[in-house]
Structure formats: structure tokens, C-alpha cells
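Chemist: Dumping the structure here so I can ask a few things about it.
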Amino acid sequence: MSELPRVQVLHGPNLNLLGTREPDIYGKTTLEQIDAALAAAAKEHGAEIECFQTNHEGLLLDRIHEAIGWAAGILINPGGFTHTSVALRDGLAGSGLPVVEVHLSNVFAREAFRHHSYVSGVSVGLVAGFGPRSYTLGLEALLDHLRAV
Ligand code: DQA
């Protein structure tokens with residue numbers, strides 16, 4: 001790939017509260033700090049990212065549709081929409097873009113309703129359980145995937 005790969009990073013509902021939200025589960029790192037770590041990792045790996053957080057499902061879908069025009073892939077933590085949203089799954093599948101799903105917590109070690117993801121089936125892969133590191137691991141994996149295709 002000659003141009004820098006461009007990645008749309010999407011954060012779903014309640015992730016704006018990171019830092020103070022259930023810190024025993026999600027830690028004390030803020031979303032701003034996660035985005036800064038992602039920007040540094042992107043620079044290191046020769047990529048460009050654009051980060052967006054919303055609490056609104058429709059706005060998430062709008063961003064996915066817009067990403068079709070410019071992004072090579074999507075890195076997403078869908079938050080609670082992971083477990084509820086057929087529309088999100090359809091939007092990601094419809095984008096035709098490679099998707100990597102990330103979660104701060106190990107959703108499989110938590111309540112049963114978190115064990116199913118509508119997003120995993122339309123993703124290249126999933127990183128969960130490593131706190132903020134899940135995001136940078138996910139970005140690296142997505143960039144490896146983009147370079148391989
Ligand atoms: C989460 C896990 C989801 O189950 C939860 O609804 C979230 C955060 C995570 O990053 O661990 O909002 O996606």
C-alpha cells in the first residue's frame with residue numbers, strides 16, 4: 001500500500017465516561033488518553049486515524065457510512081451496542097471495510113448477556129480483556145491485515 005492506511009476508530013455508548021465509569025472493570029484511563037495512545041501507535045506504524053465517540057446508534061451508523069469514502073478499515077469498541085444491535089452489524093457488513101472489534105474488558109468472563117456479539121461475525125477479529133491495550137493491539141492487528149490484503 002503506497003498511501004498511509006487510514007482507519008476510522010469508533011467508540012460506542014458510555015465510553016466517554018472512561019476514567020470514572022466502573023473503574024474496577026474499565027480502569028482509570030480516559031478516552032482522551034486512549035485516543036492519544038492510538039494516535040501515537042498509528043504514527044509509529046505509518047497510519048492515519050480519526051477517532052469518534054457517540055452515545056447514539058444512528059450517529060455511529062452515519063460515521064460508518066462516511067468511512068466508506070475514505071477509510072481502509074474500522075476499529076470499533078461498540079460498547080453496549082455489541083450485544084444488541086443488528087443495525088450496527090448490518091452497517092459494518094454493508095461498509096465492505098475490514099473491521100476489528102475491541103473491548104477493554106474480557107466480555108466472555110462477565111455476565112452471559114455479554115457473551116454474544118452481533119459485531120464479531122462481521123469482523124476480521126476481536127481483542128478483549130487487555131484494558132486500553134486492547135485498542136492498540138487491535139489497531140496493530142488491523143494494520144497487519146490491511147498490509148496483507
Ligand atoms: C465494553 C464491554 C461491553 O459489554 C460494555 O457494554 C461496554 C464496554 C468493553 O470495552 O469492555 O460498554 O465494550
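Chemist: If you average the sequence gap of Cα pairs under 8 Å that are 6 or more apart and divide by the length of segment 51-139, what percent do you get for the contact order?
Modeler: So the answer I get is 29 percent.
Chemist: Treat each spin label as a single point 7 Å out from the Cα along the C-beta direction, and report the residue 16 to residue 55 distance in nm.
Modeler: Rounded to a tenth, the inter-label distance reads 0.6 nm.
Chemist: Explain nothing, just the number: relative contact order of the chain, from Cα pairs under 8 Å at least 6 residues apart, as a whole percent.
Modeler: Averaging sequence separation for qualifying contacts and normalising by length gives 27 percent for the chain.
Chemist: Residue separation times 0.36 nm, minus the C-alpha to C-alpha distance between residue 25 and residue 137: what's the value?
Modeler: Gain on extension, residue 25 to residue 137, equals 38.4 nm.
Chemist: Which of the three applies to segment 1-130, rounded, prolate or oblate, going by the alpha-carbon gyration tensor with a ≥ b ≥ c and a/c under 1.5 meaning rounded?
Modeler: Oblate shape, in that a/c is at least 1.5 and b/c is the bigger or equal ratio.
Chemist: Answer rounded, prolate or oblate for segment 1-73, using the Cα gyration tensor with square roots of eigenvalues a ≥ b ≥ c: rounded when a/c is under 1.5, else prolate when a/b is larger than b/c, else oblate.
Modeler: Oblate is the answer for segment 1-73, as a/c is 1.5 or above yet b/c matches or exceeds a/b.
Chemist: Additional query: What are the membrane-span-like helices in the chain by this rule: whole DSSP H runs, Cα extent along the axis at least 18 Å, mean Kyte-Doolittle hydropathy at least -1.0?
Modeler: Sorted by number, the helices that extend far enough and score high enough are 31-44, 133-148.
Chemist: For the chain, modelled as a GNM with alpha-carbon contacts under 10 angstrom, which of 62, 90, 24 fluctuates the most?
Modeler: It is 24.
Chemist: For the chain, what does -39500 (n - 2.57) per DSSP helix run (n ≥ 4), summed and divided by total residues, give at 222 nm, in deg cm²/dmol to the nearest 500?
Modeler: -11000 deg cm²/dmol
Chemist: Is the C-alpha gyration tensor of segment 88-149 telling us rounded, prolate or oblate? Criteria: a/c under 1.5 is rounded; beyond that, a/b larger than b/c is prolate, otherwise oblate.
Modeler: Because a/c hits 1.5 or more and a/b fails to exceed b/c, segment 88-149 counts as oblate.
Chemist: Now a separate question. Residues with beta-carbon under 13 Å from that of residue 100, excluding residue 100: net charge, scoring Lys, Arg +1 and Asp, Glu -1?
Modeler: Net local charge, residue 100 excluded: -3.
Chemist: Oh, and also: Taking the solvent-accessible surface of protein heavy atoms with a 1.4 Å probe, what is the per residue accessible area of segment 6-148 in Å²?
Modeler: About 46 Å² of surface per residue is accessible.
Chemist: Same structure again: Apply 1/(1 + (r/R0)^6) to the Cβ-Cβ distance of residue 148 and residue 109, taking R0 = 25 Å, and write down the FRET efficiency to the nearest 0.05.
Modeler: About 0.25, to the nearest 0.05.
Chemist: Can you pull out the chymotrypsin sites (Phe, Trp or Tyr not before Pro) in segment 11-87 that DSSP calls coil and that have at most 11 other Cβ atoms within 10 Å?
Modeler: Qualifying residues, ordered by number: 70.
Chemist: While we're on this one: Pop the C-beta distance of residue 39 and residue 120 into the FRET formula with R0 = 30 Å and round what comes out to the nearest 0.05.
Modeler: The pair residue 39/residue 120 has a calculated efficiency of 0.70.
Chemist: Take the solvent-accessible surface of the protein heavy atoms, probe 1.4 Å, and return the percent of it on segment 33-149 that carbon and sulfur atoms account for.
Modeler: The nonpolar share, carbon plus sulfur, comes to 55 percent.
Chemist: Continuing with this model, one more query. Between exposed GluC sites (Glu not before Pro) in the chain, where DSSP calls loop and at most 13 other Cβ atoms lie within 10 Å, what's the longest gap?
Modeler: Free of exposed loop sites, the longest segment is 4-110.
The values are calculated or read from the model by the stated rules, or taken from the named source; none is laboratory data. Note that the coordinates shown come from a computational prediction; the quantities given were computed from them, not determined experimentally. As a convention, Cβ positions derive from the backbone with ideal geometry for all residues, glycine included, and neighbour counts pool all protein chains shown. The protein model used for the area step is the full one, side chains on, heavy atoms only, and it has no ligands, DNA or RNA in it. Shrake-Rupley method; radii C 1.70, N 1.55, O 1.52, S 1.80 Å.
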